[in-house]
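Q: Got a structure here, written out as structure tokens. Questions coming.
Bear in mind these aren't lab numbers, they're just calculated from the coordinates by the rules spelled out. Everything numeric here is computed off the predicted structure, so don't read it as measured data. All Cβ positions, even for glycine, are placed from backbone atoms using ideal geometry, and neighbour counts span all protein chains on display.
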Amino acid sequence: MKLLKLVPDNTNIGFVKLRHWAFALTALLTVLAVGATLYKGLNLGVDFVGGLMIEAKFQEPVQTDKVRTVIDRLGVGDGSLQQFGDPKTVQIRLPLPEQGGAGASNAVVEKARKALAAEFPGVTFSRYDTVSGKVSGELIQNGVLAVMLAVIGIAIFSWFRYEWQFGISTFVAIMHDVLMTLGFFAITQLEFDLNIVAAVLTIVGYSINDKMVIDDRIRENMRKYRKMDMKALIDLSVNETLPRTVMTSVTVLLALGALLLLGGHVLRGFTAAMMLGIIVGTYSSVYVSSSLLITLGLSPAAAEKKASKVNIAAQAERMGPRDDGARP
Amino acid sequence: MLNFSRWTVAAILLPLLIGILCSVPSFLPDSTVERLPAFMRTRVNLGLDLSGGSHLLLEASTQDVAKQRLANMEEQVRTELRRGDPRIAIGDISSRDGRLSFMVRDPSQVDAAVERIRPLTQGAGLTGQRDFNVEVVNSTTITITPTQAGIDNAVKSAMEVATEVIRKRIDEMGTREPTIQQQGGNRIVVQVPGLQDPRALKALLGQTAKLEFKLVDTTANPAEVAQGRAPVGSEVLPYPANPSGSPVIAVQRQVMVSGEDLTDAQQGFSEQGNEPIVNIRFNGAGGRKFGQVTSQNVNKPFAIILDGKVLSAPNINEPILGGSAQISGSFTVESANQLAIALRSGKLPVALTVVEERTVGPQLGADSIKAGLLASIIAVAAVAAFMFVSYGRFGIYANLAVAINVLVILGVMGMLNATLTLPGIAGFVLTIGTAVDANVLIYERIREERRRGRNVVQSIEHGYKEASRTIFEANVTHAIAGGIMLALGSGPVKGFAIVLLIGIATSVFTAVTFTRLLVSRWVRTHRPTEIHI
């Protein structure tokens with residue numbers, strides 16, 4: 001049986017040569033993403049801005065404009081409506097009533113239910129959330145904190161485990177991934193809620209996974225070919241790991257693709273974020289973080305110095321018996 | 001590397017077998033699982049987004065607790081100094097800026113007053129820390145300031161009691177398997193699966209249910225009461241259902257009987273008609289007090305006060321000696337029933353407000369499960385097919401490992417009684433994707449080693465060895481991200497992180513160790529000179 005190989009044997013792409021172009025493109029895209037986030041803003045869900053979210057399911061496909069008229073007539077504040085999932089489902093977002101606490105938000109839900117039922121018989125509320133401003137503030141804070149801690153924690157890990165250049169290049173590449181994801185949400189105006197924070201954290205985790213594999217190979221090759229030029233060495237390492245990088249990205253995208261198409265509308269934004277993140281993360285592993293090591297001045301000498309510092313057990317494991325004569 | 005002793009094989013297979021067995025109850029119907037012994041009920045709970053139900057986050061106002069403590073302190077100080085012996089006259093009592101201050105009329109008694117107050121301010125804790133600081137300012141004014149430790153203690157115990165009271169109330173509602181947990185310093189999470197309409201629940205948890213009986217001050221001038229002024233020793237309270245039309249009423253400050261003396265409360269109907277009421281029964285002491293008060297005040301109105309509002313103020317027609325009474329007050333059957341439940345479970349030591357509420361309908365939950373299940377099956381099938389066309393026999397090994405991994409994750413979640421949420425399903429699907437990453441790393445490495453000219457056995461050994469290190473490091477970093485999610489995340493983030501972390505741990509085991517076992521078996525029995533990978 002002929003086995004599938006997405007990347008042919010002995011592929012040798014000059015990634016390092018392309019790095020200035022790649023940096024320029026990356027910088028441009030990142031600026032665009034940040035610009036879009038600042039200019040258009042994120043479509044923050046009730047998790048983060050507080051308010052009332054009602055998911056109404058109608059018997060038949062409805063026009064959001066008609067639903068909007070009904071909601072506007074209630075006089076419960078500025079609502080925002082969105083078709084969600086299928087044409088029969090509409091998501092209605094309303095500000096929280098200013099006073100009255102739980103009772104008041106109940107009253108708003110009740111009012112909306114009655115008004116909609118009068119206009120569209122058989123409507124049901126399949127989901128509703130109310131989040132107070134205080135809680136939503138904390139959720140934002142925790143979300144941002146979680147992402148920042150994860151990025152910093154991982155950068156520190158790879159700094160201790162390898163050289164500082166690896167820490168910085170990983171940090172830059174991951175920040176790039178996070179910013180691109182934010183930009184994606186700003187441009188598409190998909191709702192940004194707590195689930196998306198989980199997606200961003202997963203992207204961070206996946207992306208770091210990817211970079212670790214390449215970084216690990218670079219380290220290995222640095223010990224193996226001490227005299228090799230750094231550029232050639234990084235190209236070699238990225239090319240050697242390329243089949244794995246592509247294979248894994250494709251498998252994960254396959255799994256996520258199934259979730260995007262069949263996983264139901266609640267998870268759609270989440271899955272879209274993740275798929276984008278996988279693509280962006282793979283790109284940044286190949287083009288950004290490894291090439292950045294050269295710009296940061298990584299040299300085999302630096303690796304030697306650090307290697308003498310790490311504990312003996314780790315060295316023994318890394319420097320274990322090796323027979324490299326086999327390579328032509 | 002490829003040789004496994006009998007014991008190692010057992011050590012690899014046994015945990016996998018246990019994991020798989022623990023996943024079985026999750027697939028069985030409810031009725032079958034209930035018949036299993038407790039240790040075998042290793043079942044994954046479904047989150048509210050999958051089962052449908054209500055999630056409420058309640059918050060207690062810490063200021064309320066502090067205020068209430070100060071009011072209690074004021075009461076205690078009054079009692080101690082005015083009623084004690086020798087009587088110490090005080091005036092200008094005020095509680096402003098979170099502290100209580102008053103003036104001792106006779107300057108020579110200031111020291112004696114401080115002595116008498118001190119015991120009241122001692123903390124109950126073992127640390128010997130004071131709950132209040134007592135100071136003398138301007139030689140005649142005494143201030144009592146609560147300490148932070150005192151407030152914290154009070155909030156803590158108030159929250160413990162509140163959690164207990166909420167549990168009782170929800171149990172009384174007869175809902176199944178509610179989750180009630182304290183969160184942070186002053187919050188309580190309530191999750192009730194299957195509850196579709198949380199209005200009743202919110203109404204129930206929203207009332208403090210502080211019940212008091214006080215005598216109506218009939219001497220008060222109605223005009224003054226309307227303006228909010230009451231004679232000394234009385235206070236003006238709202239009375240929404242006052243038959244006389246005035247929204248307020250003056251009652252004496254002294255609490256004659258309180259809800260703490262209740263033993264039972266039931267919804268019922270009044271004798272005259274079918275007006276819903278609440279029948280209450282007092283304990284011995286409460287019954288005696290109630291009998292005494294009603295005997296001494298026949299033909300006077302008696303105010304029934306709930307959470308600071310007068311429900312009704314019926315006339316005492318005759319002494320009520322049996323230890324039971326009725327509460328009337330324009331109830332509906334539902335609201336009377338709720339009040340009965342609230343009174344039975346005791347009063348909340350602090351008022352709670354709903355700061356977050358999420359309700360998912362059962363249909364959406366069922367749809368989500370269906371969609372998630374379908375997506376998972378398709379994802380597994382797609383990944384399996386892809387692995388097979390890429391790595392042949394080795395792909396099958398990896399697929400076997402993934403299949404076992406899925407079951408083991410479910411098993412571990414079952415053992416921990418973890419909750420599977422919708423983002424958790426996404427975590428599952430992602431885990432499937434990344435679990436094969438370990439195998440991809442190993443197989444690509446084997447391919448590389450083959451290209452370098454090593455023989456089959458050497459290539460496999462090297463492939464596993466070199467890749468294991470990479471896999472380990474990659475997974476450690478992945479786990480860092482997962483751990484942070486678990487620690488900081490709330491709700492969906494947490495549900496996702498649990499699956500992710502369990503998946504990381506089990507996938508390393510199945511993808512590396514388990515496939516190595518399979519590969520080594522095959523190599524040893526077939527002794528291949530060439531492999532298709």
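Q: With a cut-off of at most 14 other beta carbons within 10 Å, and DSSP calling the residue loop, which GluC sites (Glu not before Pro) in region A:52-145 qualify? Please list them.
A: Working: sites: A:E55, A:E98, A:E110, A:E119, A:E138; in loops: A:E98.
Hits after loop and neighbour filter: A:E98.
Q: A further question follows. In what sequence do B:R78, B:R199 fall when counting other Cβ within 10 Å, fewest first?
A: On the way: B:R78 13, B:R199 17.
Starting with the residue having the fewest Cβ neighbours, the order is B:R78, B:R199.
Q: With the Cα gyration tensor of chain B giving a ≥ b ≥ c as the square roots of its eigenvalues, does the rule (a/c under 1.5 for rounded; else a/b larger than b/c for prolate; else oblate) give rounded, prolate or oblate? It would help to have the intermediate numbers written out before the result.
A: Numbers: a/c = 3.89, a/b = 2.36, b/c = 1.65.
Prolate is the answer for chain B, as a/c is 1.5 or above and a/b outweighs b/c.
Q: Could you list, in their original order, any pairs among A:K66/A:K114; B:K168/B:K202; B:K156/B:K309; B:K156/B:K210 whose Cα atoms are separated by more than 25 Å?
A: Values: A:K66/A:K114 15 Å; B:K168/B:K202 14 Å; B:K156/B:K309 27 Å; B:K156/B:K210 20 Å.
Listed pairs above 25 Å: B:K156/B:K309.
Q: Rounding to the nearest 10 and keeping the result within 0 to 90°, find how far the Cα-based axis of helix B:422-451 lies from the longest principal axis of chain B.
A: 30
Q: How large is the helix-only mean residue ellipticity at 222 nm for chain A, computed as the sum of -39500 (n - 2.57) over DSSP H runs with n ≥ 4, divided by its residue count, in deg cm²/dmol to the nearest 500?
A: Numbers: 12 runs with 213 residues, N = 328.
Helix-only estimate at 222 nm: -22000 deg cm²/dmol.
Q: Taking the Cα centre of each part, how many Å lie between region A:240-279 and region A:73-142?
A: Going from one Cα centre to the other spans 32 Å.
Q: With +1 on each Lys and Arg Cβ and -1 on each Asp and Glu Cβ, and nothing else charged, work out how big the dipole of the protein assembly as shown is about its Cα centre, in Debye to the nearest 20.
A: On the way: 84 positive and 74 negative charges, 590 e Å.
Dipole of the protein assembly as shown, to the nearest 20 debye: 2840 debye.
Q: Separate question: Mind checking the angle between helix A:133-161 and chain A's longest principal axis? C-alpha axes, 0 to 90 degrees, to the nearest 10.
A: Taking Cα atoms only, the helix is inclined about 10 degrees.
Q: Most fluctuating residue of A:I13, A:I234, A:I174 in a GNM of chain A with Cα springs under 10 Å: which is it?
A: A:I13
Q: Then there is this: Under a point spin-label approximation (7 Å from Cα along Cα-to-Cβ), what is the A:L18-A:A118 distance to one decimal in nm?
A: Between A:L18 and A:A118, the label points sit 6.2 nm apart.
Q: Around B:D307, with a cut-off of 11 angstrom between Cβ atoms, what is the net charge of the other residues, counting Lys and Arg +1 and Asp and Glu -1? Please list the in-between numbers first.
A: Details: positive: B:K210, B:K309, B:K347; negative: B:E212.
Charge balance near B:D307 sits at +2.
Q: Please work out whether the protein assembly as shown counts as rounded, prolate or oblate from its C-alpha gyration tensor, where a ≥ b ≥ c are the square roots of the eigenvalues and a/c under 1.5 means rounded, while otherwise a/b larger than b/c means prolate and anything else oblate? Numbers along the way, then the final one.
A: Numbers: a/c = 2.46, a/b = 2.10, b/c = 1.17.
Note, shape of the protein assembly as shown comes out prolate.
Q: Expressed as a whole number of Å, what is the distance separating the alpha-carbon centroids of region B:1-67 and region B:291-364?
A: With region B:291-364 and region B:1-67 each reduced to a Cα centre, they are spaced 41 Å.
Q: Would you calculate the separation in nanometres between label points at B:R253 and B:A200, each defined as 7 Å from the Cα along the Cα-to-beta-carbon direction?
A: So the two model labels end up 4.1 nm from each other.
Q: Let me ask another. What whole-number distance in Å separates the alpha-carbon centres of region B:367-420 and region A:173-203?
A: 26
Q: With a cap of 12 neighbouring Cβ atoms within 10 Å, and only residues DSSP puts in a loop, list the GluC sites (Glu not before Pro) found in region B:220-312. If you can, show how the numbers build up before the last one.
A: Working: sites: B:E224, B:E235, B:E260, B:E271; in loops: B:E271.
Here the sparse-neighbourhood loop sites are B:E271.
Q: How crowded by other chains is B:148-158, given as the mean number of beta carbons from other chains within 10 Å of each beta carbon? Mind showing how you got there, number by number?
A: Values: counts 0, 0, 0, 0, 0, 0, 0, 0, 0, 0, 0.
For peptide B:148-158, the averaged partner shielding equals 0.
Q: Output the antiparallel fraction of DSSP beta bridges having both residues in chain B, as a percent to the nearest 5. Mind showing how you got there, number by number?
A: Working: 64 of 66 bridges.
So the antiparallel bridges amount to about 95 percent of the total.
Q: As a check on your grasp of the helix formula, calculate [θ] at 222 nm for chain B: sum -39500 (n - 2.57) over DSSP H runs of n ≥ 4, divide by the residue count, round to the nearest 500.
A: Details: 16 runs with 265 residues, N = 533.
One gets -16500 deg cm²/dmol as the mean residue ellipticity at 222 nm.
Q: With an 8 Å cut-off on Cα pairs and a minimum separation of 6 or more residues, tell me the relative contact order of chain A in percent. Don't skip to the answer; put the middle values down first.
A: Working: 419 pairs, mean separation 81.1, N = 328.
About 25 percent, as a whole number.
Q: Moving to a separate point now. Once the Cα atoms of helix B:393-415 and of chain B are each reduced to a long axis, what angle between those two axes, in degrees from 0 to 90 to the nearest 10, is obtained?
A: Rounded to the nearest ten degrees, it is 20.
Q: Applying a 10 Å radius around every beta-carbon, put A:271-284, B:39-52 in order of their mean neighbour count, most first.
A: Values: A:271-284: 23.4, B:39-52: 20.6.
Top of the packing list down: A:271-284, B:39-52.
Q: Counting partner chain Cβ atoms within 10 Å of every residue's Cβ in A:47-53, what's the average? Show your work: numbers first, answer last.
A: Values: counts 5, 0, 0, 2, 0, 1, 1.
Across the residues of A:47-53, the mean count of other-chain Cβ atoms within 10 Å is 1.
Q: Can you tell me, using C-alpha contacts under 8 Å and at least 6 residues apart, the relative contact order of region B:62-152 as a whole percent?
A: Values: 130 pairs, mean separation 22.2, N = 91.
Computed over region B:62-152, the figure is 24 percent.
Q: Further question on the same structure: Taking other Cβ within 10 Å of each residue's Cβ, how do A:K57, A:K224 sort, fewest first? Working shown, then result.
A: Values: A:K57 20, A:K224 13.
In order of increasing Cβ crowding within 10 Å: A:K224, A:K57.
Q: Compute the relative contact order of region B:342-447 as a whole-number percentage, counting only Cα pairs closer than 8 Å that sit 6 or more residues apart in sequence. If you can, show how the numbers build up before the last one.
A: On the way: 35 pairs, mean separation 32.7, N = 106.
Value for region B:342-447: 31 percent.
Q: Further, regarding this structure: Calculate how many DSSP beta bridges within the protein assembly as shown are antiparallel, expressed in % of all such bridges and rounded to the nearest 5.
A: 95
Q: Checking the cross-link filter: which lysines have an alpha carbon closer than 16 Å to that of B:K300, excluding same-chain neighbours under 8 positions apart?
A: B:K214
Q: Quick check on the exposure proxy: order B:S335, B:S330, B:S244 from fewest to most C-beta atoms within 10 angstrom. Numbers along the way, then the final one.
A: Values: B:S335 17, B:S330 12, B:S244 9.
So the ranking, lowest neighbour count to highest, is B:S244, B:S330, B:S335.
Q: Which of rounded, prolate or oblate describes region A:1-61 when judged by the alpha-carbon gyration tensor and an a/c cut-off of 1.5? Kindly include the intermediate steps, with their values, before the conclusion.
A: Working: a/c = 4.68, a/b = 1.64, b/c = 2.86.
Cα axes put region A:1-61 in the oblate bin.
Q: Continuing with this model, one more query. How shielded is A:118-130 by partner chains, expressed as the average number of their Cβ atoms within 10 Å of its Cβ atoms?
A: Across A:118-130, the average partner-chain Cβ count within 10 Å equals 4.
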